[in-house]
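The values are calculated or read from the model by the stated rules, or taken from the named source; none is laboratory data. As the structure is a prediction and not an experimental result, all values here were calculated from the model. Note: ideal-geometry Cβ built from the backbone for every residue, glycine included; neighbour counts use all protein chains shown. Just so you know, the surface numbers come from the protein's heavy atoms only, side chains and all, with ligands and any DNA or RNA stripped out. Shrake-Rupley method; radii C 1.70, N 1.55, O 1.52, S 1.80 Å.
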Amino acid sequence: MSDAASLTTAPVPQASNAATAQPETMSWDSRSRRMVVLWLPLACFVIILLFPFYWMAITAFKPNAELYDYKTYNPFLIGSPTLAHIRLLLFETSYPRWLTTTMTVAVASTFLSLFASTLAAYAIQRLRFRGSQYVGLAIYLAYLVPPSILFIPLATMVFQLGLFDTPFALILTYPTFLIPFCTWLLIGYFKSIPYELEECALIDGATRVQILTKITLPLAVPGLISAGIFSFTLSWNEFIYALAFIQSSEKKTVPVAILTELVTGDVYQWGALMAGSLLGSLPVAIFYSFFVDYYVSSLTGAVKE
Amino acid sequence: MSATTSAPAWVRRPAQQNWVVRLFDWKPFLIVICLAPAIGLLMTFLTYPLGLGIWLAFTDTTIGRSGVWVGLENFEYLLEDPLWWNAVFYSVFYTGIATFGKFALGLWLALLLNNHLPFKSFLRAVILLPWIVPTVLSAIAFWWLYDPQFSIFSYLFVDVLGWRTTNIDFIGSAWPARFSLIGANIWRGIPFVAISLLAGLQTISPSLYEAALLDGSTGWQRFRYITFPMLLPILAIVMTFSIIFTFTDFQLVYAITRGGPVNSTHLLATLAFQRGIPGGQLGEGAAIAVSMIPFLVFATLFSYFALARRKWQQGEAND
């Protein structure tokens, strides 16, 4: 961000160049041009990216009469907001159950993968050994294996292990896409912690385990938070495993349950569907809003590593 | 007093280190212990299923019955299956158009965000929303937006603007449905591309632009000869990820059309699911899933060489 700021204040050559220059280097008198090339497209992007959420929210609170009648009611506003759809969702479906299941699965798999990937990242980055970089590369490659080609063999495995239709099927399989990501992120993070700190501790007679728990981990807390948030959202959003491994209605996760349990018959209850989508998105959106900066840094950090 | 009590304790400390402590300080053991959970989980639930999936593709396993080796029969069947060819075509088409759209719009958005803006971090947070909300849930919102009768787009174009006389047919027939799904995929992919590329843009040194400005370059020249080459390594990585996860996409299609109308929008992943899980033909489903692997290997090699080239360019140590 500071780079962009300094770019703006960088000396700008005179008019001939400024007219064809990029927006950040334009002079003061071309404010209208800045409006057209910067603010207008940006506004379009924001509107397009947010419109489905607006529509989701507005549908969730509209009474059915307004929902299907655009002629008499302005479709972009709510005439008389109602909580009927939310009530239907909360009290006439097992939505609270789905929510707790999803929460349990997401938290458990996040902790499991954080534990495993912290140790792995520490071993790869700090306990340098012959071939450690190849282990790192192998873990990175594991991230490139998409769930779509694993779910069929995993389904047979889950059957044989007797985990089918239990939350453990999800808690144990989600780390397959969480661990590679978290490990890669934490390797990058550990790299930024000065090695001298650990050497000092070694000289003072600390054991390796003490170094990990008392020096490296406390310093890596921001990295752990980023990895944790990212894992939590990824496991909250996971769909294909939850669809394939869970059968009974009350054990489903929110995304799967809304699609398979609320879509019934030929007439879709759009109000309830949108209410479900809204409520299913809110926890992760709220969680995200608290940690935006960690999230962005983990997203961009993982890409840059 | 403190000196007399602390001194013996200090001397005796090494003696208290029993064999467990010494074992945990022995580097080879520690390496094994640290790597065990991650490697164990990945081996059990990733490497083994990958092999198992390839093996299943050569058997006629169905749900509830372990199959026998049938050689290439599944693949021979697929080669004659028009639905499989259709899924291959649509997977490639979907990946191609959606990736192009995502990167064109995402790069544009990243360049816009790279300006000096007020509320920048707020804007960035808002823009990432489509990416963090569960895909299936936003897909359901798109499903509602694409409703044949009550689509708000139809309302806008027919009743407000008067550009059309009939409702837009978003997901009722093959080609419109294909493009509607691509539109939803682009919508969902823009934030990731934009934010990743923005991070790349911010690492480009402003002095390069200053030098180019002094040399009298135009805006396009600066983009073409500074921004784009400097962005290329990160662009290559983000694109590899995007291609892999678009090609193997499942959620959007499953949520909005479930492969319909008349199987015209099946991707390989949704076809594999349909044959494998509800259809019960695990062997055939696995064969469809395995047929995605050559493409993924290609994309991975692309990523690896892009990474290698970046390190070579920056003269980084090989870690």
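Which ones in segment B:135-180 are out of contact with any helix residue (DSSP H, G or I) (no Cβ under 6 Å at 6 or more places or on another chain), within 20 Å of B:His266 (Cβ to Cβ) and not basic (Lys, Arg)? Scanning segment B:135-180 gives B:Gly172, B:Ser173, B:Ala174, B:Trp175, B:Pro176, B:Ala177, B:Phe179, B:Ser180.
Screening segment A:220-299 for helices (runs of 4 or more DSSP H) wholly inside it with 2 or more residues that are crowded, with 19+ Cβ neighbours inside 10 Å and over 16 Å from the mean Cα position of the chain (by Cα) returns the ranges A:240-245, A:254-261, A:270-290.
Taking the criterion of being open to solvent by 30 Å² or more (accessible area, probe 1.4 Å) and not in a loop (DSSP other than H, G, I, E, B), the residues of segment B:193-216 that qualify are B:Gln202, B:Ser207, B:Leu208, B:Glu210, B:Ala211, B:Leu214. When A:Leu224 is tested against (1) more than 11 Å from chain B (Cβ to nearest Cβ); (2) without any contact (Cβ under 8 Å) to a residue 40 or more places away in the chain; (3) among the aliphatic types (A, V, I, L, M), exactly one condition is not met: (2). All but one of (1) more than 8 Å from chain A (Cβ to nearest Cβ); (2) assigned to a helix (DSSP H, G or I) hold for B:Pro118; which doesn't? Tallying (1) more than 8 Å from chain A (Cβ to nearest Cβ); (2) assigned to a helix (DSSP H, G or I), B:Pro118 fails exactly one: (2).
For B:Val160, the conditions (1) buried (at least 17 other Cβ atoms within 10 Å of the Cβ); (2) free of Cβ contacts under 8 Å to residues at least 24 places away in the same chain; (3) aliphatic (A, V, I, L, M) are fulfilled apart from (1). Could you please let me know if A:Pro194 is over 20 Å from B:Ile132 (Cβ atoms) and open to solvent by 10 Å² or more (accessible area, probe 1.4 Å)? In short, yes. Tell me, yes or no, whether segment A:131-139 has at least one residue that is more than 9 Å from chain B (Cβ to nearest Cβ) and out of contact with any strand residue (DSSP E or B) (no Cβ under 9 Å at 6 or more places or on another chain). Checking segment A:131-139: at least one residue is more than 9 Å from chain B (Cβ to nearest Cβ) and out of contact with any strand residue (DSSP E or B) (no Cβ under 9 Å at 6 or more places or on another chain). Figure legend. Inter-residue proximity from segment A:89-100: first residues part of a loop (DSSP other than H, G, I, E, B), second residues surrounded by fewer than 18 Cβ atoms within 10 Å (Cβ to Cβ), beta-carbon distance below 7 Å, spacing 6+ or different chains. Indicated pairs: A:Thr93/A:Glu261; A:Ser94/A:Ser249; A:Ser94/A:Glu250.
Kindly establish whether B:Pro233 is in contact with a helix residue (DSSP H, G or I) (Cβ under 8 Å, 6 or more places away or on another chain), open to solvent by 20 Å² or more (accessible area, probe 1.4 Å) and in a helix (DSSP H, G or I). In short, yes. Being farther than 18 Å from B:Ile293 by Cβ and at the interface with chain B (Cβ under 7 Å from one of its Cβ atoms) is a condition met by no residue of segment A:142-153.
Scanning segment B:103-110 turns up no residue that is in a loop (DSSP other than H, G, I, E, B) and either open to solvent by less than 40 Å² (accessible area, probe 1.4 Å) or farther than 15 Å from B:Val193 by Cα (or both). Considering the conditions (1) touching a helix residue (DSSP H, G or I) at 6+ places or on another chain (Cβ under 7 Å); (2) within 10 Å of chain A (Cβ to nearest Cβ), B:Ile97 is excluded by exactly one of them, (2). Taken residue by residue, segment B:30-46 has no member that is over 29 Å from B:Val238 (Cβ atoms), more than 8 Å from chain A (Cβ to nearest Cβ) and outside any helix (DSSP H, G or I). Just one of the listed residues (A:Phe230, A:Phe239, A:Phe287, A:Phe245) is of a type in the set (Phe, Trp, Tyr) and more than 19 Å from A:Phe181 (Cβ to Cβ), and it is A:Phe245. Residues that are touching a residue at least 12 places away in the same chain (Cβ under 8 Å), farther than 17 Å from A:Val46 by Cβ, assigned to a helix (DSSP H, G or I) and not aliphatic (A, V, I, L, M) within segment B:121-157 comprise B:Thr135, B:Phe142, B:Trp143, B:Phe153, B:Ser154, listed in sequence order.
Applying the criterion of being open to solvent by 10 Å² or more (accessible area, probe 1.4 Å) and farther than 14 Å from A:Arg126 by Cβ to the residues of segment A:174-191, the residue that is farthest from the other protein chains (Cβ to nearest Cβ) is A:Leu185.
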